[in-house]
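The values are calculated or read from the model by the stated rules, or taken from the named source; none is laboratory data. Quantities reported herein were computed from a predicted structural model and do not represent experimental measurements. Methodologically, a virtual Cβ is constructed for each residue, glycine included, from the backbone with ideal geometry; neighbour enumeration extends over all protein chains shown.
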Amino acid sequence: MNERTIALVTGANKGIGYEIAAGLGTLGWSVGVGARDDRRRSAAVEKLRAAGIDAFAVPLDVTDDASVTAAARLIDEQAGRLDVLVNNAAIAGDMPQEPTRIDPATIHTVVDTNVIGVIRVTNAMLPLLRRSAAPRIVNMSSSVGSLTRQSGPAAEHTAGPVSAAYAPSKTFLNAVTLQYARELSGTNILINTGCPGYVATDLNGFRGVRTPEQGAAIAIGLATLPDGGPTGQFFDDAGVVPW
């Protein structure tokens with residue numbers, strides 16, 4: 001594209017989201033830092049700009065219709081279009097999450113952010129994405145959402161602890177992504193899910209073994225897919241992840 005590529009990353013004030021924004025910014029893109037916390041969002045934008053990245057703040061709570069609508073309006077007014085949307089914002093939810101012990105309200109809260117929030121943001125941004133010459137949507141998922149890995153032999157699966165909220169929310173997200181890919185078939189919009197691996201973030205109490213920068217790599221790769229690239233698929237750094 002002749003003009004600077006415009007991207008929006010949700011949950012971009014810290015962790016993997018911040019590193020996704022930083023990675024896209026180093027490509028010379030203009031990156032919207034979507035986050036609901038004013039102080040953290042401002043600090044992230046300031047840090048990115050100090051590194052020479054064209055970053056701009058996007059107040060955004062993915063669970064709030066009015067906030068998402070306002071974010072789309074801001075991007076429309078500032079850029080007139082959106083080229084790449086990375087749906088990264090997510091929560092783990094209260095623990096424990098064994099299905100026999102979990103509070104149903106926890107499931108509702110996790111799904112509202114991890115799935116409905118993605119739908120809410122994606123639908124609000126689609127009119128802007130349709131104005132792009134090469135629109136890409138990346139939904140950040142997790143290998144714990146893979147039913148194959150959850151049900152496979154113990155030596156093969158990376159399923160994490162028993163979870164009736166977080167893991168199923170990623171399975172749900174994968175399924176929704178497939179439905180978007182079906183509906184958008186025949187357009188130039190590519191939409192895929194990516195797993196960052198077990199990254200040390202506050203979502204898991206910093207128990208992960210990968211850095212946020214390593215976790216961001218899959219999103220950057222999917223955000224920069226060439227025309228005719230895959231759509232409606234699930235990837236990690238090693239390749240396709242089984243559903």
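Things worth noting here:
- Checked against (1) farther than 23 Å from ALA21 by Cα; (2) in contact with a Cys (Cβ under 8 Å, 6 or more places away or on another chain), SER143 passes all but condition (1).
- Taken as a whole, the condition of being more than 13 Å from ALA7 (Cβ to Cβ) and either touching a residue at least 40 places away in the same chain (Cβ under 8 Å) or surrounded by fewer than 14 Cβ atoms within 10 Å (Cβ to Cβ) (or both) does not apply to ASP64.
- Residue within the range 135-158 that is modelled with pLDDT of 95 or more, of a type in the set (Lys, Arg) and touching a strand residue (DSSP E or B) at 6+ places or on another chain (Cβ under 9 Å) present: yes
- Residue, nearest to VAL118 (Cα to Cα), within the range 33-61, restricted to residues that are free of Cβ contacts under 8 Å to residues at least 40 places away in the same chain and of a type in the set (Asp, Glu): ASP61
- The condition of being assigned to a helix (DSSP H, G or I) and farther than 15 Å from VAL84 by Cβ holds for only one of SER169, SER185, SER163, that being SER169.
- Among the residues of the range 24-44, those identified as crowded, with 19+ Cβ neighbours inside 10 Å and touching a Leu at 6+ places or on another chain (Cβ under 8 Å) are GLY25, VAL31, GLY32, VAL33, GLY34, ALA35.
- Residue that is farthest from TYR166 (Cα to Cα) [pool: residues in the range 137-148 that are in a strand (DSSP E or B) and in contact (Cβ under 8 Å) with a residue 60 or more places away in the chain]: VAL138
- Residue in the range 82-104 that is more than 17 Å from the chain's Cα centre (by Cα) and outside any loop (DSSP other than H, G, I, E, B) present: yes
- Within the range 68-78, the residues that satisfy the criterion of being surrounded by fewer than 19 Cβ atoms within 10 Å (Cβ to Cβ) and in contact (Cβ under 8 Å) with a residue 12 or more places away in the chain are THR69, LEU74, ASP76, GLN78.
- Any pair with Cβ under 6 angstrom, 6 or more apart, that starts in the range 223-240 at a residue that is exposed (fewer than 14 other Cβ atoms within 10 Å of the Cβ) and ends at one that is modelled with pLDDT under 95: none
- In the range 105-136, the residues that are assigned to a helix (DSSP H, G or I) and of a type in the set (S, T, N, Q): THR106, THR109, THR113, ASN114, THR122, ASN123
- Residue in the range 105-117 that is without any contact (Cβ under 8 Å) to a residue 12 or more places away in the chain and either surrounded by fewer than 23 Cβ atoms within 10 Å (Cβ to Cβ) or in contact with a Leu (Cβ under 7 Å, 6 or more places away or on another chain) (or both) present: yes
- Of the residues making up the range 100-139, just one is of a type in the set (Lys, Arg) and closer than 16 Å to ASN192 by Cβ, namely ARG136.
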